[in-house]
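Scroll down for the structure; my scribbles are underneath it.
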Amino acid sequence: MAPRSRKSGPSPSPAPPTSDTDAAPPLSPKDDSSVAHRSSIDALLVPVAGEEREEVKVNNASVADMKHACDDALKRFLSRPDLFKQIHTHTDVRLALGWLSVLIAGGTGLYGWRVPFEQSKPAVWAGVILYVILTITQTLYAYFIEGDTVFVGRRKTFDKRIVTERITITAKTTPSTPSSPPGYALGLAYVRSASGGKTLLGKGRASEERKFTEFFDERGVLDQERFERWVGQVVGRVMDGKAE
Amino acid sequence: MIWKGLGLITNTESPIVVVLSGSMEPAFYRGDLLFLTNPSNQRYQTGDITVYKVPGADIPIVHRVLETHDLVSDKRGVVAAAPLAQQQLLLTKGDNNHIDDIELYQGLEWLERKHIVGKVRGFLPYVGYVTIAMNDFPQLKYALLGGLGLLALIQRE
């Protein structure tokens, strides 16, 4: 299936509803705060219309490139000031392990170069073993703990109490078959809690898959507004559901 | 780090070397890659092909062992009952040379185990020309390093 061609220029997006004049129908007795909260979130979860963006162009024959482009667009979209603040723990751990292993490799190499072989053996053994351990740790961390996670974000809002929301997003690609193009599967896990994580206010899970052909045109340009609209829709759905 | 680990496992500072001269023809030609190990408790036999470095010379030489003798040391008034590997004295000669290596030893009469880099276990023909080319044309070396650096930068993890 060839990717659909898009007309040039951004497609018009609906104007975001203002949160003061909430036109949503009155809901049955739930927390007033969750109603206001929901509409203000809906306002934020829509891509900003007419914003000047850099064109994102990737090789649309490479599923890995397309996935990375979508991941980056997702991170940019959700990291906006009023939305989530990205938690960089996974990145920090991988960077720390990587830098440590590089420094150890460099140090061992330098030492082995300066000191004659027989003398240097114990220290070089230590360096090599440390390096192997660090590399194995890095690989295991990336495979087991980080897994498919693309984005981990936190959001603190203040109604009558401090509400903390935490969202974890995983993204996988589904391979193409003779009858369907490759797809991008988003998985979301959402937790809302208060008073420092002790009171659980709401939880939600969602997952949705779309084919890459919906977002990339035949040149490989990513339609960011369309993608962000979809992401906003899925995130809104997981944040709404199952509020206590 | 793989190189360093390999050096530790084979107990030699340079587990892979390139033949530069023709003194071991027809066994090894210039440009062959040699794989070395240096087991510390094995004795070297006549006929083994060794790579050694004479103190005072930069480049290691790859020649065949012609004679082995044992340095019988008389420490503490006792002599070792069985010949020890680390106390060997070696004389080498290149297959394609007419005379043995005494002239190359820079004053030594015998090579000791500590001068030996390793024993040849296997070889690959012609592959060493890449290293010879990079040494003769340093621009190639820098081009390769630059290329690798570029690849590391533009790749994603």
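The values are calculated or read from the model by the stated rules, or taken from the named source; none is laboratory data. These numbers come from a predicted model, not from an experiment. Don't worry about glycine lacking a Cβ; one is built from the backbone with ideal geometry, like all the others, and counts go over all protein chains shown.
Of all residues in region A:164-195, those satisfying the criterion of being under 18 Å from residue A:85 (Cβ atoms) and of a type in the set (Lys, Arg) are A:166, A:192.
So which of A:192, A:155 ends up being in the same structural domain as residue A:67 (by TED's automatic domain parsing), part of a strand (DSSP E or B), charged (D, E, K, R) and within 18 Å of residue A:89 (Cα to Cα)? Testing whether each residue is in the same structural domain as residue A:67 (by TED's automatic domain parsing), part of a strand (DSSP E or B), charged (D, E, K, R) and within 18 Å of residue A:89 (Cα to Cα) leaves just A:155. Can you work out which of the residues in region A:83-129 that are within 10 Å of chain B (Cβ to nearest Cβ) and within 22 Å of residue A:71 (Cβ to Cβ) is nearest to the chain's Cα centre (by Cα)? Applying the filter and picking the extreme gives A:94.
Pairs are defined by a Cβ separation below 6 Å, a sequence spacing of at least 6 or placement on different chains, a first member in region A:148-174 that is closer than 17 Å to residue A:240 by Cα, and a second member that is buried (at least 18 other Cβ atoms within 10 Å of the Cβ) and among the acidic types (Asp, Glu); the pairs so defined are A:155/A:165. Candidates are the residues of region B:47-59 that are away from chain A (no Cβ under 13 Å) and surrounded by fewer than 18 Cβ atoms within 10 Å (Cβ to Cβ); the one that is nearest to the chain's Cα centre (by Cα) is B:59.
Of all residues in region A:172-205, which are in contact with a Phe, Trp or Tyr (Cβ under 8 Å, 6 or more places away or on another chain) and more than 18 Å from residue A:62 (Cβ to Cβ)? Answer for region A:172-205, where residues must be in contact with a Phe, Trp or Tyr (Cβ under 8 Å, 6 or more places away or on another chain) and more than 18 Å from residue A:62 (Cβ to Cβ): A:202, A:203, A:204, A:205.
Within the bounds of region B:141-149, is there any residue that is on the phi < 0 side of the Ramachandran plot, outside the structural domain of residue B:45 (by TED's automatic domain parsing) and of a type in the set (Lys, Arg)? There is at least one residue in region B:141-149 that is on the phi < 0 side of the Ramachandran plot, outside the structural domain of residue B:45 (by TED's automatic domain parsing) and of a type in the set (Lys, Arg).
Residue A:152: more than 14 Å from every other protein chain (Cβ to nearest Cβ) and either surrounded by 15 or more Cβ atoms within 10 Å (Cβ to Cβ) or of a type in the set (D, E, K, R) (or both), yes or no? In short, yes. In region B:93-102 there is at least one residue matching the filter, namely being part of a helix (DSSP H, G or I), under 27 Å from residue B:7 (Cα atoms) and either modelled with pLDDT of 85 or more or β-branched (Val, Ile, Thr) (or both).
Of all the criteria given as (1) at pLDDT below 90; (2) of a type in the set (A, V, I, L, M, F, W, C); (3) closer than 20 Å to residue B:35 by Cα, the one not satisfied by residue B:127 is (1). For region B:3-17, filtered to residues that are more than 9 Å from chain A (Cβ to nearest Cβ) and either of a type outside the set (A, V, I, L, M) or touching a helix residue (DSSP H, G or I) at 6+ places or on another chain (Cβ under 6 Å) (or both), the residue that is nearest to residue B:64 (Cα to Cα) is B:15.
Counting only residues that are outside any loop (DSSP other than H, G, I, E, B) and within 14 Å of chain A (Cβ to nearest Cβ), region B:18-46 holds 2 of them.
If the condition is being surrounded by fewer than 12 Cβ atoms within 10 Å (Cβ to Cβ) and either closer than 12 Å to residue A:169 by Cβ or within 12 Å of chain B (Cβ to nearest Cβ) (or both), then region A:132-146 contributes only A:139. Kindly establish whether residue B:72 is in contact with a Phe, Trp or Tyr (Cβ under 6 Å, 6 or more places away or on another chain) and free of Cβ contacts under 8 Å to residues at least 40 places away in the same chain. No, not satisfied. For region A:85-140, the candidate set comprises residues that are of a type in the set (D, E, K, R) and assigned to a helix (DSSP H, G or I); within that set, the residue that is farthest from residue A:155 (Cα to Cα) is A:118.
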